[in-house]
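> The structure is given below, and queries will be raised subsequently.
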């Protein structure tokens, strides 16, 4: 019986923690980090700030968790492609599609982590918070996630599939294009985009066409 009570309390705690994270994510994306407080998050959930502090120490701890969660989710899905034995260029194509689709399927996660979080990571520490903690997330979980793309670029170069020899250069070219499309499609909802799958596939194809190796012209 005691085990059952403990399990129920653990489930309730996990449920409340997730509700806090979901509410905070929504507020951060809609209002910005500076305009969100522990009190505002608690009010959205109709709980006391004291109840929220039972789960998180402060606002930046919530933001930090949200960023790490997003990076880890995307990284795990990218790793499955990295470990696939298919040709590296094919894996890069699949990874490109996955990146954009992940962002479009999880727009709040994407905007908080890849846009708002990126700004905070570059913000000097203030009385509002120690933003070096956010930067640390980017330097660890964020770079691990981007490292999946870097690894596939290395494999493609080793296979002679790319005309570039610097995997960091290839990674940054591809990521910049993918991030631009993803953030544009999320934030410009009223724009008359063409059919989504077609646009994503075309963008990935254009990016890869720009970096892939080309047959040597015969004299």
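The values are calculated or read from the model by the stated rules, or taken from the named source; none is laboratory data. Quantities reported herein were computed from a predicted structural model and do not represent experimental measurements. Cβ placement follows ideal geometry from the backbone for every residue including glycine, while neighbour counts extend to all protein chains displayed.
> Go through 163, 212 for me and flag whichever is in contact with a strand residue (DSSP E or B) (Cβ under 8 Å, 6 or more places away or on another chain), more than 17 Å from residue 82 (Cα to Cα) and either surrounded by 13 or more Cβ atoms within 10 Å (Cβ to Cβ) or not assigned by TED's automatic domain parsing to the domain that holds residue 92 (or both).
212
> Within the stretch 55-65, is even one residue surrounded by fewer than 16 Cβ atoms within 10 Å (Cβ to Cβ), touching a strand residue (DSSP E or B) at 6+ places or on another chain (Cβ under 9 Å) and either at pLDDT below 95 or in the same structural domain as residue 163 (by TED's automatic domain parsing) (or both)?
The answer is yes, given that some residue of the stretch 55-65 is surrounded by fewer than 16 Cβ atoms within 10 Å (Cβ to Cβ), touching a strand residue (DSSP E or B) at 6+ places or on another chain (Cβ under 9 Å) and either at pLDDT below 95 or in the same structural domain as residue 163 (by TED's automatic domain parsing) (or both).
> If a residue has to be assigned to a helix (DSSP H, G or I) and free of Cβ contacts under 8 Å to residues at least 24 places away in the same chain to count, how many in the stretch 164-188 make the cut?
7
> Another question, then. Which members of the stretch 105-145 meet the condition of being surrounded by fewer than 18 Cβ atoms within 10 Å (Cβ to Cβ) and within 30 Å of residue 213 (Cα to Cα)?
Passing the criteria: 143, 144.
> Which residue, of 151, 187, 171, 123, is out of contact with any helix residue (DSSP H, G or I) (no Cβ under 6 Å at 6 or more places or on another chain) and within 23 Å of residue 73 (Cβ to Cβ)?
The match here is 187.
> Here is a further query. Given (1) at pLDDT 95 or above; (2) assigned to a helix (DSSP H, G or I); (3) over 22 Å from the mean Cα position of the chain (by Cα), identify the lone condition not met by residue 77.
The number of the failed condition is (3).
> Given the condition closer than 19 Å to residue 61 by Cβ and in a helix (DSSP H, G or I), answer yes or no: does some residue in the stretch 141-163 qualify?
Yes: the stretch 141-163 contains one or more residues that are closer than 19 Å to residue 61 by Cβ and in a helix (DSSP H, G or I).
> Of the conditions (1) surrounded by fewer than 16 Cβ atoms within 10 Å (Cβ to Cβ); (2) touching a residue at least 24 places away in the same chain (Cβ under 8 Å); (3) closer than 21 Å to residue 147 by Cβ, residue 34 clears all except one; give me its number.
(3)
> Now for a separate question. Would it be correct to say that residue 41 is farther than 26 Å from residue 206 by Cα, part of a loop (DSSP other than H, G, I, E, B) and outside the structural domain of residue 197 (by TED's automatic domain parsing)? Reasoning before the result, please.
On the way: farther than 26 Å from residue 206 by Cα: yes; part of a loop (DSSP other than H, G, I, E, B): no; outside the structural domain of residue 197 (by TED's automatic domain parsing): yes.
Taking the combined requirement at face value, the residue does not satisfy it.
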